[in-house]
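Inspection log for the structure reproduced underneath, given as structure tokens.
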Amino acid sequence: MLARRSRGGRAVESDGKSDAGEREIALDTFTLIHLRQYVERINDERHAFEGSYPKHDYIMVGPEGRPIHPDTITARFNRLVDRASVPRIRLHDVRHTYSTMAQDAGHNVKILSERIGHADKSITMKIYTHRSQGIDRPLAQTMGTLIAQAAGITAPEAIPLVTDLVTDRPNADPDDGDPPLAVVG
């Protein structure tokens, strides 16, 4: 919903965003095709209402051209989430999901930061991206392989107990009194 604020002694409508919040971003083909179809439909409605259609460039409008109340947008979003059978999140959380998915896919955080409107990529990293469960699995596998190679282990079934690795003796009894060659911990 738009708020009224004063600028230079005159009242203006505001969406709450600063001028710095306005920026150009690239759109993917799928979004662009559907956005163009939607804007065409809005233009058809504008022509059907002739002079009584409100003069603005909003795209979140009802068929008569009036801006849709934010609660209505949220309710529609929630219905789409429910229909998709995915966990419900707040509409604002879509920014967090988008950022996390972009980071998980390996995209440049600076470009992501600029795309979502942050002047500093640290804000994007600290607030908008979250650790995805399992995203560290490739790193864990790589490190496990390096450790196995360093220990001279070539087959998974030949993996010794950690006790055997630190005493440098296969099947050693850790309580036999011999000091280990390395201390873990």
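The values are calculated or read from the model by the stated rules, or taken from the named source; none is laboratory data. Keep in mind it's a predicted model, so treat the numbers as computed, not measured. Glycine also receives a Cβ, built like all others from the backbone with ideal geometry; neighbour counts cover every protein chain displayed. Protein only, heavy atoms only, side chains kept; ligands, DNA and RNA dropped before computing areas. Shrake-Rupley method; radii C 1.70, N 1.55, O 1.52, S 1.80 Å.
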### Query
Among the candidates ARG7, ARG41, which residue alone is open to solvent by 100 Å² or more (accessible area, probe 1.4 Å), charged (D, E, K, R), at pLDDT 85 or above and out of contact with any Lys or Arg (no Cβ under 9 Å at 6 or more places or on another chain)?
ARG41
### Task
Return a yes/no flag: does the stretch 62-85 have any residue that is more than 30 Å from LEU139 (Cα to Cα), exposed (fewer than 10 other Cβ atoms within 10 Å of the Cβ) and at pLDDT below 90.
no
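Let's see how each residue does on (1) free of Cβ contacts under 8 Å to residues at least 12 places away in the same chain; (2) touching a strand residue (DSSP E or B) at 6+ places or on another chain (Cβ under 6 Å); (3) not hydroxyl-bearing (Ser, Thr, Tyr):
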position	(1), (2), (3)
THR100	no, no, no
ASP104	no, no, yes
ILE111	yes, no, yes
TYR128	no, no, no
GLN133	yes, no, yes
PRO138	yes, no, yes
GLN149	yes, no, yes
### Message
Looking at the stretch 61-116 only, could you name the residues that are within 30 Å of HIS47 (Cβ to Cβ) and of a type in the set (Asp, Glu)?
### Response
GLU64, ASP71
### Query
Which residues, taken from the stretch 96-130, are modelled with pLDDT of 85 or more, among the hydroxyl-bearing types (Ser, Thr, Tyr) and in contact with a helix residue (DSSP H, G or I) (Cβ under 8 Å, 6 or more places away or on another chain)?
TYR98, SER99, THR100, SER113
### Query
Between residues in the stretch 66-78 that are touching a residue at least 60 places away in the same chain (Cβ under 8 Å) and residues that are assigned to a loop (DSSP other than H, G, I, E, B) and open to solvent by less than 70 Å² (accessible area, probe 1.4 Å), which pairs lie under 8 Å by C-beta distance while being six or more apart or on different chains?
PRO67/LEU2; PRO67/HIS56
### Query
Would you pick out the residues in the stretch 10-38 that are exposed (fewer than 10 other Cβ atoms within 10 Å of the Cβ), more than 21 Å from GLU114 (Cα to Cα) and at pLDDT below 90?
ARG10, ALA11
### Message
For the structure I just gave you, tell me whether TYR53 is open to solvent by less than 70 Å² (accessible area, probe 1.4 Å), of a type outside the set (D, E, K, R) and either modelled with pLDDT under 85 or farther than 30 Å from ALA102 by Cα (or both).
### Response
yes
